[in-house]
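The values are calculated or read from the model by the stated rules, or taken from the named source; none is laboratory data. All values derive from a computational prediction rather than experimental measurement. With ideal geometry, Cβ positions are generated from the backbone for all residues, glycine too; neighbour counts draw on all protein chains shown. Heavy atoms of the whole protein, side chains included, go into the accessibility calculation; ligands, DNA and RNA do not. Shrake-Rupley method; radii C 1.70, N 1.55, O 1.52, S 1.80 Å.
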Amino acid sequence: MRFTQYYVPTLKETPAEAEVISHKLLLRAGMIRKLTSGIYTYLPMGLRALNKVAAIVREEMDRAGCLEILMPSVQPADLWKETSRWESYGKELLRFQDRHGRDYCLGPTHEEVVTDLIRGEVRSYRQLPMNLYQIQNKFRDEIRPRFGLMRGREFLMKDGYSFDRDDEGATVSYRKMFDAYQRIFTRLGLNFRAVQADSGAIGGSYSHEFMVLAETGEDTIAVCESCAYAANLEKAAVVWNGEVCTRECSGVEEKLTPGQHTVEEVAAFLDVDSKKILKTLLFVADGKPVAVLVRGDRELNEVKLKNLTGATEVEMASPEQVRKWTQAPVGFAGPVGLGVETVYADLELQGDTDWVVGANKGDTHLVHVDLKRDAKVTGYADLRDITLDDPCPECGGTISLPEGIEVGHVFKLGTKYSESMNAVYLDENGKEKTIIMGCYGIGVSRIVAASIEQNNDKDGMIFPPSIAPFEVSLIALNAKDEQVMATAEELYEELRSLGVDVLLDDRKERPGFKFKDADLLGAPMQVVVGSKGLERGILEIKNRRTGDKQEMDLAGFKEAFMTWRKEVYAQWGLEA
Ligand code: ATP
Ligand code: MG
């Protein structure tokens, strides 16, 4: 491609609307433009990167034996009612009606549609296993669309679904997808980690997320420094090895704490460590009140709570409910004399006594509380987020908590959808059996952003060669110089004949301006043709990632370039 015939509207200034680096750079490099909140147009450069990601995903899915289909994005409500997700999916599901007043939604995912397809197609065990996928725009009315392509409302996803005869087969399909994902994210040049993810309360199901490690990640993951353990925060188990406390403390006393609501405020006001304060959090689990106690310096893990209760929906209690159950204003709930029957406490609370808790009375806290003596605890369980102080649940080693961006998700579903939608087949004996499913997502558009988050510097993007819009920026330094232009044109044709993606900067602009754009656009290889170099029969080459500059002889360019290209690919862990 020639720059003068292309459209690359680069910007000098960083647009104010962008918070994270990938969003800033995608806008500055003229790769995307915002239409409205969370919805973007891909300009030519952006679309090239997106298409390259999609092509790698497609190749590896095909290699793994999956079949590509394309399902509609408009989906009838009736299917969603069959699985009860019409009610449970929440506001992310964009619903609308057609001219006949019938309900529809824009597909945020396609379990319902694909299960409907399969129940109409599959009759016999001979047709299974089957694995179908598509690459298609999804719509989720995200509460906080932000960070550009990272969390959009309309975004490109690869979603795949496996259908098996039995659990064993489903495990094989899952494994196949897991391996395909490893290959995909490796080929995309990403530094990633597969982590265990929560799979809810569905029996026999399991799940992994693929996380790109980056400071701007919205997810925290727990990684063991000693063993292979890695899990997302929702899932990471907290092991408590402490001893059950047998110490006694003096009797409960009321303390006035006017206007002191947060743990920090109460700790400062009563001059105690926040570790000695218990948070009493009130929830409604499938309509039933539940209270949870965790230490003041800890974070409750709602997924763990949900799994413990076995409820399909767990919500924070409303202020009215809090007032009703505590007979007090919001902010003073406590386990002593609480009007809630089910009270769960985090495991580690067994290891201490003499707590400070809310008094179920305005502006008042209780001190010297012993949970065994003064409260009714239904049970102790792992209910909080893992921290740096906790041991690895598998080997006891040290945990670190890096940030990650979820780019893929594999999920063994079991019969969640096939059962409610009656997707069955006849086995060898003519007996009807429920199909076992798995689902597998990849955030194709999010990957473009995640790659930039992981690889950038003050000058711009640094793309891995596999997904760079162009592998090579070929810069004709003085485009007015006939010899420079002639040589650049020759190299351009040569590179193209070698199957190398090249963007020839043939603009009549100052060298500094062109260098800046080349750095911003992030092609991993730069080749510079200048009149001074040509006098000596050389070109200048630059590795965008390392910044390493070298001279390359014009004579024998093809071979020398291809050797260098191999080296650059290898630095990204890729094969040229
Ligand atoms: P998240 O937790 O980030 O909201 P999710 O778990 O809801 O994602 P999945 O349903 O697992 O997402 O979808 C599969 C993949 O689609 C995710 O791994 C992610 O890469 C991508 N994805 C999900 N939501 C968005 C979004 N709003 N914008 C861009 N990509 C997304
Ligand atoms: Mg997910």
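Inside the range 345-420, counting only strands (runs of 3 or more DSSP E) that do not spill past its ends, which hold 3 or more residues that are within 16 Å of ligand 2 (Cβ to nearest atom), at negative phi and touching a helix residue (DSSP H, G or I) at 6+ places or on another chain (Cβ under 9 Å)? Let's see the steps before the verdict.
On the way: elements: 355-358, 364-369, 379-381, 403-414.
The qualifying strands (runs of 3 or more DSSP E) are 403-414.
Scanning the range 32-55 for residues that are away from ligand 1 (no atom under 15 Å from the Cβ) and closer than 17 Å to Pro465 by Cα returns Met45, Leu47, Arg48, Asn51, Lys52, Ala55.
Here Val57 fulfils each of the conditions (1) open to solvent by 30 Å² or more (accessible area, probe 1.4 Å); (2) on the phi < 0 side of the Ramachandran plot apart from (1).
Quick check on the range 3-19. Is at least one of its residues within 21 Å of Ile467 (Cα to Cα) and not in a loop (DSSP other than H, G, I, E, B)? Yes, the range 3-19 has at least one match. Of the numbered criteria (1) under 13 Å from Val290 (Cβ atoms); (2) open to solvent by less than 40 Å² (accessible area, probe 1.4 Å), the one Gly358 fails is (1). Could you run through the range 419-432 and say how many residues are within 30 Å of the chain's Cα centre (by Cα) and either within 16 Å of ligand 1 (Cβ to nearest atom) or open to solvent by 30 Å² or more (accessible area, probe 1.4 Å) (or both)? Qualifying residue count for the region: 2. Per this entry, Arg446 is counted among residues that are more than 30 Å from Cys245 (Cβ to Cβ) and not in a strand (DSSP E or B). Scanning the range 233-284 for residues that are closer than 25 Å to Ala311 by Cα, outside any loop (DSSP other than H, G, I, E, B) and in contact (Cβ under 8 Å) with a residue 60 or more places away in the chain yields a total of 2. I'd like to know if the range 518-541 contains one or more residues that are touching a residue at least 40 places away in the same chain (Cβ under 8 Å), open to solvent by less than 50 Å² (accessible area, probe 1.4 Å), in a loop (DSSP other than H, G, I, E, B) and charged (D, E, K, R). No.
The rows are residues; the columns are (1) within 28 Å of Glu92 (Cα to Cα); (2) out of contact with any Ser or Thr (no Cβ under 8 Å at 6 or more places or on another chain); (3) part of a strand (DSSP E or B); (4) among the small types (Gly, Ala, Ser).
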position	(1), (2), (3), (4)
Gly30	no, no, no, yes
Ile56	no, no, no, no
Glu59	no, yes, no, no
Gly65	no, yes, no, yes
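Total residues in the range 441-461 satisfying the condition of being open to solvent by less than 10 Å² (accessible area, probe 1.4 Å) and either over 17 Å from Phe192 (Cβ atoms) or in contact with a Cys (Cβ under 9 Å, 6 or more places away or on another chain) (or both): the figure is 2. The listed residues are Gly38, Gly46, and the only one of them that is open to solvent by less than 10 Å² (accessible area, probe 1.4 Å), touching a Leu at 6+ places or on another chain (Cβ under 7 Å), under 20 Å from Ile405 (Cβ atoms) and of a type in the set (Gly, Ala, Ser) turns out to be Gly46.
Looking at Thr342, Thr257, Thr280, which is the one that is open to solvent by less than 50 Å² (accessible area, probe 1.4 Å), over 30 Å from Gln196 (Cα atoms) and in contact with a strand residue (DSSP E or B) (Cβ under 6 Å, 6 or more places away or on another chain)? Give the steps one after another, and end with the answer.
Numbers: Thr342 fails: over 30 Å from Gln196 (Cα atoms); Thr280 fails: over 30 Å from Gln196 (Cα atoms).
Result of the check over Thr342, Thr257, Thr280: Thr257.
Of the residues making up the range 542-576, those that are open to solvent by 10 Å² or more (accessible area, probe 1.4 Å) and not in a helix (DSSP H, G or I) number 18. The residue of the range 492-517 that is nearest to Glu453 (Cα to Cα), among those that are part of a helix (DSSP H, G or I) and touching a strand residue (DSSP E or B) at 6+ places or on another chain (Cβ under 6 Å), is Lys514.
Does any residue of the range 184-195 turn out to be within 16 Å of ligand 1 (Cβ to nearest atom), part of a loop (DSSP other than H, G, I, E, B) and open to solvent by 70 Å² or more (accessible area, probe 1.4 Å)? Yes, the range 184-195 has at least one match. Inside the range 1-27, residues that are open to solvent by less than 50 Å² (accessible area, probe 1.4 Å) and within 30 Å of Tyr492 (Cβ to Cβ) make up a count of 9. If you go through the range 465-481 one residue at a time, do you hit one that is touching an Asp or Glu at 6+ places or on another chain (Cβ under 9 Å), within 17 Å of Ser22 (Cβ to Cβ) and either modelled with pLDDT of 95 or more or of a type in the set (D, E, K, R) (or both)? Yes; the residues of the range 465-481 include at least one that is touching an Asp or Glu at 6+ places or on another chain (Cβ under 9 Å), within 17 Å of Ser22 (Cβ to Cβ) and either modelled with pLDDT of 95 or more or of a type in the set (D, E, K, R) (or both). Beta carbons closer than 9 Å, at least 6 apart along the sequence or on distinct chains, pair a first residue in the range 313-340 that is of a type in the set (S, T, N, Q) with a second that is open to solvent by less than 70 Å² (accessible area, probe 1.4 Å) and part of a strand (DSSP E or B) for Ser318/Val284; Gln321/Leu282; Gln321/Val284; Gln321/Pro289; Thr326/Thr280; Thr326/Leu282; Thr326/Gly358. Checked across the range 147-163, the condition of being modelled with pLDDT of 95 or more, aromatic (Phe, Trp, Tyr) and near ligand 1 (Cβ under 9 Å from one of its atoms) holds for at least one residue. Just checking, which of Lys376, Lys372, Lys412, Lys416 is open to solvent by 10 Å² or more (accessible area, probe 1.4 Å), out of contact with any Lys or Arg (no Cβ under 8 Å at 6 or more places or on another chain), within 16 Å of ligand 1 (Cβ to nearest atom) and among the basic types (Lys, Arg)? After applying the criteria, what remains is Lys416. I'd like to know if the range 70-78 contains one or more residues that are in a loop (DSSP other than H, G, I, E, B), touching a residue at least 40 places away in the same chain (Cβ under 8 Å) and open to solvent by less than 10 Å² (accessible area, probe 1.4 Å). No: the range 70-78 contains no residue that is in a loop (DSSP other than H, G, I, E, B), touching a residue at least 40 places away in the same chain (Cβ under 8 Å) and open to solvent by less than 10 Å² (accessible area, probe 1.4 Å).
Apart from one condition, Ile135 fits all of (1) open to solvent by less than 20 Å² (accessible area, probe 1.4 Å); (2) under 20 Å from Ser445 (Cβ atoms); (3) away from ligand 2 (no atom under 16 Å from the Cβ); (4) among the hydrophobic types (A, V, I, L, M, F, W, C); the exception is (1). Applying the set (1) of a type outside the set (A, V, I, L, M); (2) more than 16 Å from ligand 2 (Cβ to nearest atom); (3) buried (at least 18 other Cβ atoms within 10 Å of the Cβ) to Glu87 leaves exactly one unmet item: (3). For the range 462-489, the tally of residues that are open to solvent by less than 40 Å² (accessible area, probe 1.4 Å) and in contact (Cβ under 8 Å) with a residue 40 or more places away in the chain stands at 19. Annotation: Met211 fulfils all but one of (1) part of a strand (DSSP E or B); (2) under 24 Å from Ile69 (Cα atoms); the unmet one is (2).
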